[in-house]
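The values are calculated or read from the model by the stated rules, or taken from the named source; none is laboratory data. Nothing here was measured: the structure is a model prediction, and the numbers come from that model. Glycine gets a Cβ as well: all are built from the backbone with ideal geometry, and neighbour counts include every protein chain shown.
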């Protein structure tokens, strides 16, 4: 048999081999796209710390805020940090200490915003002219560097003489102004 005759026998298989090569290439491309899609959907922490403690100091080296958590998980895909049982203590020289706790929390990528969720409690310590104040809510956004906090959720505030219920709150610890946003109800307790 000559080469021409052998080629004639293989020539009908050539389109089938080309089709097989194309299907193989297409399958490889699809598998690659699926693996990329799966990797982008994953939200696995790249770092986990137990019994986390951090101190933020001002320029003079004086502690400004203390952040503790039972567990801290950092996620590099969104550059977010999630906290379990967070506790933030804000220390200011001329103003009362504020302590905030909750079951869950998160820290923004820049670290300038701390979100407290699920049974959030705030305690402002008593001063010479003011009694201690507690605040309960399910969500609180705190800007520690600005000594501010806010929420759009229902809040309950209590001090020695009053119980106040409201929806939404803006608090500025520097100016000592607390603004209740809506549906404010108050009960005064006489001593």
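When 147, 138 are checked against the criterion of being modelled with pLDDT of 90 or more and within 30 Å of residue 51 (Cβ to Cβ), a single residue qualifies: 138.
The set of residues in segment 72-106 that are on the phi > 0 side of the Ramachandran plot and more than 11 Å from the chain's Cα centre (by Cα) contains only 85.
Evaluated against (1) out of contact with any strand residue (DSSP E or B) (no Cβ under 6 Å at 6 or more places or on another chain); (2) at pLDDT below 85; (3) surrounded by fewer than 16 Cβ atoms within 10 Å (Cβ to Cβ), residue 75 falls short on exactly one condition, (3). Restricting 185, 141 to residues that are over 21 Å from residue 62 (Cα atoms) and under 21 Å from the mean Cα position of the chain (by Cα) narrows the list to 141.
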